[in-house]
1. For the stretch 283-342, would you read off the P(r) tail past 16 Å as a percentage of all alpha carbon pairs?
2. What list of ³J(HN,Hα) values in whole Hz, one per residue of the stretch 402-410 in order, does the Karplus curve 6.51 cos²θ - 1.76 cosθ + 1.60 (θ = phi - 60°) give from phi, with Gly and Pro shown as x?
3. Could you list which residues have their amide H under 5 Å from that of Thr193, counting only those 5 or more apart in sequence or on another chain, with H placed in the peptide plane?
4. So between Thr133 and Gln12, what do we pick up on full extension, going 0.36 nm a residue minus the alpha carbon distance?
5. With θ set to phi - 60°, apply the Karplus curve 6.51 cos²θ - 1.76 cosθ + 1.60 along the stretch 501-518 and write out the HN-Hα couplings as whole Hz, x wherever there is a Gly or Pro.
6. If I take every Cα pair under 8 Å that is 6 or more residues apart in the chain, average their sequence separation and divide by the length, what percent do I get for the relative contact order?
7. For Leu382, which sequence-distant residues (separation of 5 or more, or a different chain) have an amide H within less than 5 Å of its own amide H, given hydrogens modelled in the peptide plane?
8. Give, in nm to one decimal, the length gained when the segment between Asp187 and Asp286 is fully stretched (0.36 nm per residue of separation minus the Cα-Cα distance).
Amino acid sequence: MTNHAETVVLGQRVITMEPGARRDWQGVAIRDGRITRLIRRSELAEVAGPHTVVHDLGERVLMPGFVDVHAHSEVMCRTGRTTIDCRAPGCGSVADVQEILSQGLAGRAPGEWIVGQANLFFDRKLAGGRLPTRAELDRVSCDHPIALRAGGHITVLNSKALEVSGIDRNYVPPAFSTTGPPQVERDAGGEPTGVVKEMDMLLPLPTVAADDLKPALEAGIRESFTRYGVTCIGEISETTEGMQAFSELAEEGRLPAAMRFYIWAPGTMKLEHAARWREHFALGADPADVRVQGIKLFADGGFSARSAAVTCPYLGTDSCGEIAFSKYFFRRAVELTAGSGLQLSVHANGDRAQQWLCARLLELGGATSGPTRMRIEHAANLMPDIETMEWWARAGIIPSPQAVFIYTFGEYFADYLGDFGRRGLFPFRSLMEQGWRLNASSDVWVGSEPEATNPFFSIWCSLKRQAWSGAILAAEEAIPLEEALRMHTLDGAATLGEADVRGSLAPGKYADIIAPSADPFAVPIDALRHLEADFVMARGRCVLDRNGTVSAAGAA
């Protein structure tokens, strides 16, 4: 049996992300999709035989592939096929939104939906500081239902969309939807204004046709993740059909990133069904490529909808948001995930929601250990009181923040919560200095910024801490580049329980290797957000090679 590598990837140097690793490595030897050893160029002859494929990337640095622990990539891929992009700054005013939606009418039959994708906190990003009104969307069309989805928590509907959705002055929304308590805004006369909150899952919005789903997923993953070097995605499920489509793509060798599914309950499946998912659908791909990792719940809503559960009333109201489920539902979720060997992931934007979850978890004995340890999504984004962190520690949860939100809406917390919303903004340095290992993710969904899926943009956010307006938020909480890279690689892998097989370049780990377009340690800070990947390898398979780096086999 030969000891020669099947593949060797060479560069100028290797950023291993292994603590204490040597810094003079220049290449990676690979067999059966795993790293066998790190080498210097002078050692190539020791590992390369007559059939070894060598990718020589010249002066490029090599790094581990990025791990995005929280993404809604199916939603993103579907949205790209079914919506018109109205996001700021491309659309800077209500008139711009009307114009681009009007252009989308061409070739559409009366009654066909027109759906626009707008940013989170769209009202803060448009000139005039407000959302389009129902009447302004009616001027675009009264024959087509129009929905402007501003980030997935708030949607503006025209009169036709209200009509076909059955929302009139007598409409009573259900107590809860899958993302929080539904709300229908009304004018002084009791008529719907067109603004609805936490109701997108209740609206009859169009979706991607079944025969277009796999092409949409494949193209979307490559365009929004692979091009930036993401090789593993913690995917919040949208549909069972989507998970199966990802699995089929993997079986066909067309999926360029490993998927770790968190089944959204009850958005995708009922809680009990999610825990026994094998009884309801099948995944035929290798579990190293596609696997059900856990179950995802929503404990509260979003700040833009004023439905995140906080310990301070929203300005001008006596509301502090609401917890989206009972303690009995949460207890059942903890029991079912533990019994099924699944990881529980819970969306909790507000500090009150996070403390409530930790208190309930402590009543059950605290979080489990290992790869099924519970995650709280969005913990460490807004932490006005250090007591919240102490709750995390006592309960034993993993906080999962999003550095991209520094830019997306970090400056807007105060608009909703006053001085309370100015405290504890993404306190990454403070938490790391106290020993916390933080991960990072895109949380890409409807209305995410176009750059959200690029980990280098997230890294730039962690270092620069620049908000949408250009203001710098809590500059003292900026972290070093090395730590920011670790959030997106090794600590992301640890969050998924996979630090032993990915997140760094070391013997025995998957050969998830990227070569960025420039050395991140050698460019100005503002250049970081624009970096992409020139070369991407996932489990030893080259999935992106912009420059055709394969040299003759057996270059030794």
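FYI, it's all coordinate maths here, none of it is from the lab. Being a predicted model, the structure only gives us computed values, none of them experimental. Ideal geometry is used to build each Cβ from the backbone, glycine not excepted, and the neighbour counts take in all protein chains shown.
1. 61
2. My calculation for the stretch 402-410 gives 10, 4, 4, 6, 3, 6, 5, 7, x Hz in order.
3. When sequence neighbours closer than 5 places are left aside, the close amide H contacts are Glu185, Arg186, Asp187.
4. 38.0 nm
5. So the Karplus estimates, Gly and Pro as x, are 10, 7, x, 8, 9, 7, x, x, 8, 4, 7, 9, 10, 10, 10, x, 5, 7 Hz.
6. Rounded, it is 19 percent for the chain.
7. Under 5 Å from the amide H of Leu382 lie the amide H atoms of Phe426, each far enough along the sequence or on another chain.
8. 30.2 nm is the gain from fully extending Asp187 to Asp286.
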